[in-house]
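Structure first, commentary second.
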Amino acid sequence: DLVKDEDLEIIHDLGAGNGGTVTKVWNKKRNCVMARKLILVDAKPSVRKQILRELQIMNDCNSPYIVGYYGCFPVDVHVGIVIELMDAGSLNDIYRHNGPVPIEVVGKVAEAVLHGLMYLYDVHRIIHRDIKPSNILANTNGEIKICDFGVSGELINSIANTFVGTSTYMSPERIQGAPYTIKSDVWSLGISLIELALGRFPFTDNQDNENDNEFEALSDTEEDPGPEHDFDPDATLPLSTQRPKLPPADTTKKERRKSKGVSLAGGGHTMSILDLLQHIVNEPAPRLTSRRKTFPQEAVTFVQDCLYKDPAERTSPQDLLASDWIVNSKVTQSDLKTWALSTVSED
Ligand code: ATP
Ligand code: MG
């Protein structure tokens, strides 16, 4: 039996993205907490009905790696979707509040996402299309699950125009207009894993450049990196190029100063979203390396296998699941529980 909006009492906001806002709610009928996402849908009634019909596919998506679905309904100009509350929040929230995610945990994130992607594709022929840290959720039971996959073509169409900021996890072939495949999700996973392990979005052009000391050293010694100072991967991107190959961003000086990355890079410039897309297509893929940390070779290889720019070379989810990094992991669900609890109890 599906949840209705009148069953729900608002508790508090959990977060907001480009297309929607998510609220923690109390379900009076079932006596439990849930998460309700409201998506602003600018479409005529027939299209809205079609969206609600298409979203019913989520009802058949049952996997320990997919966030549970409880129902959807129209809420004035929005579409409401009620899903399982993940009480540790998204991996994006987690690393922004707690710093880089331990590499062994990142391995379990990779495993969960791959299982989720394979389930969606093998059972429902669904390609996720939006893998990124904010769509990977964790709970204090030590579970990691994915959400916000592309079940409804009509919904994708109706919110597509507001979507610019999210394209930064896009694979080179997608940027160049090729259709989505499960390999594009693998690319997005690779980018997300580096982001979690480094505690920052990986697309600065200084991957092999001495300058990145500055950024990392400073961000690590900072006492309380509040969210408002955080580097926002969806906004403009800091670059500390010595010889800029890309045109300068069209931001004003004042706007640029607001970005922490730029002041740290000292004299660098920001990259607009178009510059970033060009960068992804034209430059070598980022790697899992940092001057301040050594990552296990198995992890480095895994990420590299996710980030072949040619989708034909890129490893499939199935083969990635059979890789040494995943197979040799010693992390248990109880370890993940301890880790998840440590991330929520810290404020
Ligand atoms: P974008 O809109 O660019 O895709 P996003 O994924 O952050 O960004 P939303 O999907 O609207 O945007 O989610 C907003 C935030 O709400 C997430 O970042 C996460 O912190 C929180 N959130 C979403 N779903 C849940 C859930 N089921 N349980 C707990 N927190 C959630
Ligand atoms: Mg989301």
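The values are calculated or read from the model by the stated rules, or taken from the named source; none is laboratory data. Nothing here was measured: the structure is a model prediction, and the numbers come from that model. For neighbour counting, all protein chains shown are included, and Cβ atoms are generated from backbone atoms with ideal geometry for every residue, glycine included.
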Restricted to the range 13-39, and to residues that are surrounded by fewer than 17 Cβ atoms within 10 Å (Cβ to Cβ) and farther than 19 Å from Asn92 by Cα, which residue is nearest to ligand 2 (Cβ to nearest atom)? Val33
Residue that is nearest to Leu155 (Cα to Cα) [pool: residues in the range 7-54 that are at pLDDT 95 or above and not in a strand (DSSP E or B)]: Asp7
Can you tell me which residue within the range 317-330, out of those that are surrounded by fewer than 16 Cβ atoms within 10 Å (Cβ to Cβ), assigned to a loop (DSSP other than H, G, I, E, B) and not charged (D, E, K, R), is farthest from the chain's Cα centre (by Cα)? Asn328
Here the residues within the range 95-108 that are surrounded by fewer than 23 Cβ atoms within 10 Å (Cβ to Cβ) and within 16 Å of ligand 1 (Cβ to nearest atom) are Tyr95, Arg96, His97, Asn98
For the range 172-208, enumerate the residues that are modelled with pLDDT under 95 and of a type in the set (Gly, Ala, Ser). Gly177, Ala178
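Find the residue count for the range 1-57, including only residues that are of a type in the set (Lys, Arg) and within 8 Å of ligand 1 (Cβ to nearest atom).
So the answer is 2.
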Of the residues in the range 115-160, those that are surrounded by 24 or more Cβ atoms within 10 Å (Cβ to Cβ), more than 12 Å from ligand 2 (Cβ to nearest atom) and under 16 Å from Cys306 (Cβ atoms) come to Gly116, Leu117
Looking at the range 304-316, can you tell me whether even one residue there is at pLDDT 95 or above, farther than 22 Å from Ile94 by Cβ and buried (at least 21 other Cβ atoms within 10 Å of the Cβ)? yes
Tally, over the range 168-207, of residues that are polar (S, T, N, Q) and under 16 Å from the mean Cα position of the chain (by Cα): 5
